[in-house]
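Written out below as structure tokens is the structure these notes cover.
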Amino acid sequence: MTKLSVNINKIATLRNARGGNNPDVVKVALDAERFGSQGITVHPRPDERHITRQDVMDLAKVVTTEFNIEGYPDKRFMEIIKTIKPAQATLVPDPPDAITSNSGWDTIKHLEMLKDIVAELHGYGTRVSIFINPESKYFEPAKQTGTDRVELYTEPYASQYHQDREKAVAPYVEVANLARELGLGINAGHDLDLHNLQYLKKMIPFLDEVSIGHALVCDALYYGLENTIQMYRRQLEM
Ligand SMILES: CC(=O)[C@@H](O)[C@H](O)COP(=O)(O)O
Ligand SMILES: NCC(=O)COP(=O)(O)O
């Protein structure tokens, strides 16, 4: 079964726009779980443009599904993980000023650093996932880091989907099979939506988890959060 983890970054974006507590990210997370989300994902970026460190502390007290925290493994991020010991930490190579995550790790170049980070996170009892581009050369080194899973960076798939979905998905099928041969768990995320999700799942039926935020929150403006979460869940169960 492929789990849906709802990324609530954009709920915090809306909240921060007015400086109050509306929408309340804790309430949205609890409601998302009640509506069928099988995990909650957040990405507390250094500039706190959306999810803040305090949000993460507050959510850690109440999230009952899998709590997945994404981020660049700097001192601030590692302190957050050490403090709350979430179910999963997803390492992304984002520079502080990145408008969004736009690439996976060069696991060849950063192998030794990632090995140390993965070992430290395992010491906290946290599963580790490493954000990765669909390029085969990065997968054996990813395995060498000791990571439990990789997260396939799916923006290139999403951006090509409408032009030629077979061509768009091909590299992902190739590296997903390689990851499985290596004994790596497989997550996927970035720009997945109600148009492209079902085909990705069909072509990679053994996906462990998808984390979806931006498109899902946008869809919820039209369909409501409960209906939207169930629409995404159905895409994974077809
Ligand atoms: C790692 C990834 O692809 C996304 O989870 C990322 O967290 C999106 O970040 P923004 O919500 O800041 O665009
Ligand atoms: N890891 C991907 C994620 O959490 C959400 O990405 P997006 O759906 O906001 O693009």
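The values are calculated or read from the model by the stated rules, or taken from the named source; none is laboratory data. Every value quoted in this text rests on a predicted model; they were computed, and no experiment measured them. Positions of Cβ are backbone-derived with ideal geometry, glycine not excepted, and every protein chain shown enters the neighbour counts. Ligands, DNA and RNA are excluded from the accessible area calculation, which covers all protein heavy atoms including side chains. Shrake-Rupley method; radii C 1.70, N 1.55, O 1.52, S 1.80 Å.
For region 98-114, backbone phi angles converted through the Karplus equation (6.51, -1.76, 1.60; θ = phi - 60°) give residue-by-residue couplings of 5, 5, 7, 6, 9, 5, x, 6, 8, 6, 6, 5, 9, 3, 5, 4, 5 Hz, Gly and Pro being listed as x. Tell me whether region 1-79 comes out rounded, prolate or oblate; compute the Cα gyration tensor, take square roots of the eigenvalues as a ≥ b ≥ c, and use a/c under 1.5 as the rounded threshold. Verdict is oblate for region 1-79.
Straight-line reach from K202: taking Cα to Cα under 15 Å and skipping same-chain neighbours fewer than 8 places apart, the aspartates and glutamates in range are E166, E174, D193, E237. Farthest toward the positive end of the dipole of region 4-162, out of L114, A32, P73, is the Cα of A32, where the dipole comes from beta carbon charges about the Cα centre.
The accessible area of H43, taken with all protein chains in place and a 1.4 Å probe, comes to roughly 10 Å². Taking chymotrypsin sites (Phe, Trp or Tyr not before Pro) as candidate sites, keep only those in a DSSP loop with at most 16 other Cβ atoms within 10 Å, then name the longest stretch of the chain containing none of them. That gives 1-123 as the longest site-free run. Each semi-axis of the equivalent ellipsoid for the chain is √(5λ) with λ an eigenvalue of the Cα gyration tensor; in descending order they amount to 25, 23, 15 Å. Rounded, prolate or oblate: which fits region 47-124, taking a ≥ b ≥ c as square roots of the Cα gyration tensor eigenvalues, rounded meaning a/c under 1.5, else prolate when a/b beats b/c? Oblate shape, in that a/c is at least 1.5 and b/c is the bigger or equal ratio. For K109, the lysines whose Cα falls under 29 Å of its own Cα, not counting residues fewer than eight places away in the same chain, are K75, K82, K85, K137, K143, K167.
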